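Notes for the one structure printed next.
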Amino acid sequence: MPRTRVALAVALALLATPVLSACGGTSAASDARVVTVYSADGLKGENGDGWYDKVFKDFEKQTGIKVEYVEGGSGEMVQRAVREKSNPQADVLVTLPPFIQQADSKGLLEKYEPKDSVQVSGADKAPDGTWTSVVDNYFGFVYNKKELKQAPRTWDELLDARYRNKLQYSTPGVAGDGTAVLIKAMHDFGGKEQALAYLKKLQANNVGPSASTGKLAPKVDKGELLVANGDVQMNFAQTKTMPDLGIWFPAGKDGKPTTFALPYAAGLVTKAPHSENGRKLLDFMLSRQAQKEVSSIGGGFAARADVRVTDANAVALTEVMDGVDFFEPDWNDIDKNLSSYVEDWKSATGS
């Protein structure tokens, strides 16, 4: 081969080397103008009008970094990240508890404290800095306001025959809100065995498993279901296009409705292919402007304690939560025993 062709071949090979390296997640990949988000459903609007839609659009406009978005149940997203651990595809992971704790315990999250995360309360972020809440939220149920003149009040009401094949909750261990059903039942009934005994009875009315909680509210709004589980942020946002959707909270043993915090928590994926872009997006989601829009656009609660909003949605959300008692689950216990709790639920319900 002539010397000039040899030189050209070597030059082409050298030029090709960064491209090949980028496939393996090296610095060349980190420089790409893209960031990939794996997230639980709820923050992206059905019609492009959700908080994610606005934040991602503004982020891309400000930074030139395009957001690639993958959505699923919290457990589903964590399991996907686990399968890809040797070759991570996501940069940012957003899930509900206890799956963010699970992701942390499996080594999926790299320590990164976003700018202004000091404004997030200690209970809403990891002690070791591996995740931070970006949108505060609470567990709840929805009902059809047209078919039911008033919301059910207690768990026991859901055992009534009128709810047969008209009730559904998402799958514990797969969906964050589905796991929340089990957590709240354990709290309200005073223990795991009591909760499982109740959920076994409830199975007579349950339509069946659902990997995604977000798919249940439209069925409730249409009257296909009378009751389903959900969370306040997602369901409140859905009421914009689903007028027959109402939010409620089953009462505990003392007759008072109860709930617990179920925030959207975000972390930087370990060895993320575009880690610097992931850091920038996490910073942006906690920026003051993005947090001010959590209620007005997303129908949720700002994660930053220093952000005070008085928009119409914020006022309405305060009314939704009025009179509801709050409890704090033992997330360390739930993270440690989640697999056994889910297996016990499967055995009790035959799921």
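The values are calculated or read from the model by the stated rules, or taken from the named source; none is laboratory data. All figures in this text were calculated on a predicted structure; none of them were measured in a lab. Neighbour counts are summed over all protein chains in view; Cβ atoms, including those assigned to glycine, are modelled from backbone coordinates with ideal geometry.
How many residues does the stretch 299-351 contain that are exposed (fewer than 11 other Cβ atoms within 10 Å of the Cβ), under 22 Å from the mean Cα position of the chain (by Cα) and among the charged types (D, E, K, R)?
Total satisfying the criteria: 1.
Of these, 154, 179, which one is β-branched (Val, Ile, Thr), surrounded by 14 or more Cβ atoms within 10 Å (Cβ to Cβ) and more than 24 Å from residue 103 (Cα to Cα)?
Numbers: 179 fails: more than 24 Å from residue 103 (Cα to Cα).
Sole residue among the options that is β-branched (Val, Ile, Thr), surrounded by 14 or more Cβ atoms within 10 Å (Cβ to Cβ) and more than 24 Å from residue 103 (Cα to Cα): 154.
Could you pull out the residue among 227, 220 that is in contact with a Phe, Trp or Tyr (Cβ under 6 Å, 6 or more places away or on another chain) and buried (at least 19 other Cβ atoms within 10 Å of the Cβ)?
Values: 220 fails: in contact with a Phe, Trp or Tyr (Cβ under 6 Å, 6 or more places away or on another chain).
227 is the lone residue from the list that is in contact with a Phe, Trp or Tyr (Cβ under 6 Å, 6 or more places away or on another chain) and buried (at least 19 other Cβ atoms within 10 Å of the Cβ).
Counting only residues that are more than 26 Å from residue 329 (Cβ to Cβ) and either among the aromatic types (Phe, Trp, Tyr) or surrounded by 24 or more Cβ atoms within 10 Å (Cβ to Cβ) (or both), how many does the stretch 260-272 have?
Just the residues of the stretch 260-272 that are more than 26 Å from residue 329 (Cβ to Cβ), to begin with: 271-272.
With either among the aromatic types (Phe, Trp, Tyr) or surrounded by 24 or more Cβ atoms within 10 Å (Cβ to Cβ) (or both) added as a condition, the list becomes 272.
Of the residues in that region, 1 qualify.
So is residue 254 among the charged types (D, E, K, R), in contact with a helix residue (DSSP H, G or I) (Cβ under 8 Å, 6 or more places away or on another chain), under 29 Å from residue 171 (Cα atoms) and not assigned by TED's automatic domain parsing to the domain that holds residue 100 or not? Outline the logic, then answer.
Numbers: among the charged types (D, E, K, R): yes; in contact with a helix residue (DSSP H, G or I) (Cβ under 8 Å, 6 or more places away or on another chain): no; under 29 Å from residue 171 (Cα atoms): yes; not assigned by TED's automatic domain parsing to the domain that holds residue 100: yes.
The answer is no for residue 254.
Here is a check on your reading of the model: is residue 148 in contact (Cβ under 8 Å) with a residue 12 or more places away in the chain, assigned to a loop (DSSP other than H, G, I, E, B) and assigned by TED's automatic domain parsing to the domain that holds residue 222?
On the way: in contact (Cβ under 8 Å) with a residue 12 or more places away in the chain: yes; assigned to a loop (DSSP other than H, G, I, E, B): yes; assigned by TED's automatic domain parsing to the domain that holds residue 222: yes.
Against the criterion (in contact (Cβ under 8 Å) with a residue 12 or more places away in the chain, assigned to a loop (DSSP other than H, G, I, E, B) and assigned by TED's automatic domain parsing to the domain that holds residue 222), residue 148 qualifies.
Hey, among the residues in the stretch 116-149 that are crowded, with 18+ Cβ neighbours inside 10 Å and of a type in the set (Gly, Ala, Ser), which one's nearest to the chain's Cα centre (by Cα)?
Out of the qualifying residues, it is 133.
For residue 288, are the conditions met, namely being among the charged types (D, E, K, R), surrounded by 15 or more Cβ atoms within 10 Å (Cβ to Cβ) and in contact (Cβ under 8 Å) with a residue 40 or more places away in the chain?
No; evaluated as a whole, the condition is false for this residue.
Given the criteria crowded, with 19+ Cβ neighbours inside 10 Å and of a type in the set (Val, Ile, Thr), does residue 294 qualify? Give the derivation first.
Working: crowded, with 19+ Cβ neighbours inside 10 Å: yes; of a type in the set (Val, Ile, Thr): yes.
Criteria met by residue 294.
Report yes if residue 313 is in contact with a helix residue (DSSP H, G or I) (Cβ under 8 Å, 6 or more places away or on another chain), of a type outside the set (Lys, Arg) and either under 21 Å from residue 42 (Cβ atoms) or assigned by TED's automatic domain parsing to the domain that holds residue 111 (or both), otherwise no.
Details: in contact with a helix residue (DSSP H, G or I) (Cβ under 8 Å, 6 or more places away or on another chain): yes; of a type outside the set (Lys, Arg): yes; either under 21 Å from residue 42 (Cβ atoms) or assigned by TED's automatic domain parsing to the domain that holds residue 111 (or both): yes.
So residue 313 passes the test.
Going through 82, 94, 142 one at a time, which residue ends up being over 30 Å from residue 306 (Cβ atoms), touching a strand residue (DSSP E or B) at 6+ places or on another chain (Cβ under 9 Å) and of a type outside the set (Phe, Trp, Tyr)?
On the way: 82 fails: touching a strand residue (DSSP E or B) at 6+ places or on another chain (Cβ under 9 Å); 94 fails: over 30 Å from residue 306 (Cβ atoms).
Residue meeting the stated conditions: 142.
If a residue has to be assigned to a helix (DSSP H, G or I) and either in contact with a helix residue (DSSP H, G or I) (Cβ under 7 Å, 6 or more places away or on another chain) or more than 25 Å from residue 108 (Cβ to Cβ) (or both) to count, how many in the stretch 269-290 make the cut? Break it down into steps so the answer makes sense when it comes.
Taking the stretch 269-290 first, the residues assigned to a helix (DSSP H, G or I) are 275-285, 288-290.
Remaining after also requiring either in contact with a helix residue (DSSP H, G or I) (Cβ under 7 Å, 6 or more places away or on another chain) or more than 25 Å from residue 108 (Cβ to Cβ) (or both): 275-276, 280-281, 284-285, 288-290.
Within the stretch 269-290, residues that are assigned to a helix (DSSP H, G or I) and either in contact with a helix residue (DSSP H, G or I) (Cβ under 7 Å, 6 or more places away or on another chain) or more than 25 Å from residue 108 (Cβ to Cβ) (or both) number 9.
Quick one: which residue in 308, 279 is without any contact (Cβ under 8 Å) to a residue 12 or more places away in the chain and either over 30 Å from residue 156 (Cα atoms) or assigned by TED's automatic domain parsing to the domain that holds residue 60 (or both)? So that I can check it myself, show each step before the final result.
Numbers: 279 fails: without any contact (Cβ under 8 Å) to a residue 12 or more places away in the chain.
Unique residue meeting the criteria: 308.
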